[in-house]
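Scroll down for the structure; my scribbles are underneath it.
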Amino acid sequence: MPELPDIAAYLYALDRRISGSILETVRLGTPFLLRTVKPPLAELNGRKVTRLRRIGKRIAIGFEPDFWLVLHLMIAGRLHWHTRPPKLSKRVLAGFDFSTGSLSLTEAGSKRRASLHVIQSEGELSSLDAGGLDVMDADLAAFQSALTARNHTLKRALTDPHIFSGIGNAYSDEILHHARLSPIALTSKLTPAQVQTLFEATRVTLDEWTTRLVREAQEKFPEGVTAFREGMAVHGRYGQPCPRCGAKVQRIRYADNETNYCPACQTGGRLLADRALSRLLREDWPRTLEELEALRQT
């Protein structure tokens, strides 16, 4: 799922291409993409783009005088820029034809989770905002208050859109590795020093990746947006060496997601139980990297 740095890159690229342009028409390949009825989608035809905004992991495009088109890409949705209007297909769910070019929304796989909302006023945009704190605009006190309001694991807290805005599975792994904190550490157990470390790691990680992706968007429209990027420390790097200490990156798998971490840097050398494998192995589940290597050699 595109997260804050990815959305920032999309917004930068879109700003250069559609700000001040006219939306000529929107073509839908599936009616299920559109989640609102009023105002009608056709109401946006012929209107000028006046501003762009991020709402959590959503992209909001503002039109005169106060209309908004809001896209949520979910896990598999991606945006593409074309000089000519693209044809709709099972994969191309929508085409947004502007006076300067066309934007298409694609979604891989058979599950249709991406969504499109049309909002009639800026005030109504709040209905799509989960309310999470934007860490890049927050101070340490606000961060600590949001983090410790409820007792969750750090992984859950960072990825909960009601707690923090724009952070998902990928960048939460990178943040926790940067902070040298376990993904299953409880927010209620953190020391003030650890909270400050996590705050700084969150800001640094998001800022570095946003800067990098926006710089790439200066050259071309963001294509191939993925959660697994070259240069990441742990996310998507299971079994590869940690760039800090050289220990092999481990993971916890659950549903469609996985948590990646370095046991040497983040958990004191302890392996976190993978729900599926630990149930299978039970008392044979390795507790340390050394036990895991011994198990692999048997």
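Readers should treat all values here as calculations from the given coordinates under stated rules, not as data from a laboratory. Please read all numbers here as calculations on a predicted model, not as lab measurements. Note: ideal-geometry Cβ built from the backbone for every residue, glycine included; neighbour counts use all protein chains shown.
Some notes on this structure:
- Unsatisfied cross-links (Cα-Cα over 24 Å) in the set 57/111; 155/220; 38/90: 155/220; 38/90
- Rg and Dmax over the alpha-carbon atoms of segment 1-132 stand at 13.4, 38 Å.
- Counting only whole DSSP H helices of the chain, the ones at least 15 Å long by C-alpha along their axis and with mean Kyte-Doolittle hydropathy no lower than -0.5 are 4-18, 192-217.
- Debye equation applied to the C-alpha atoms of the chain, log10 I(q)/I(0) at 0.10 Å⁻¹: -0.61
- Cα pair distances in segment 124-275, grouped into 10 Å bins until the bin that holds the longest one, percent each: 11, 40, 36, 13, 1
- Using the average count of surrounding beta-carbon atoms within 10 Å as a protection proxy, the listed peptides 64-71, 38-45 rank, highest first, as 64-71, 38-45.
- Rg(Cα) / (2.2 N^0.38 Å) computed for segment 140-184, rounded to two decimals: 1.05
- Debye log10 I(q)/I(0) for segment 35-94, one point scatterer per Cα, at q = 0.14, 0.16 Å⁻¹: -0.49, -0.65
- Peptides 134-142, 171-179 ranked from most to least packed by the mean count of surrounding Cβ atoms within 10 Å: 171-179, 134-142.
- Using just its DSSP H runs of length 4 or more, each adding -39500 (n - 2.57), the chain gives a mean residue ellipticity at 222 nm of -9000 deg cm²/dmol after division by all residues.
- Within a straight-line Cα-Cα reach of under 19 Å, residue 87 can be paired with the following aspartates and glutamates, leaving aside sequence neighbours fewer than 8 residues apart in one chain: 24, 97, 107, 223.
- The equivalent ellipsoid that matches the C-alpha gyration tensor of segment 178-259 spans semi-axes of 25, 18, 13 angstrom, in descending order.
- Fewest neighbouring Cβ atoms within 10 Å first, the residues 110, 121 line up as 110, 121.
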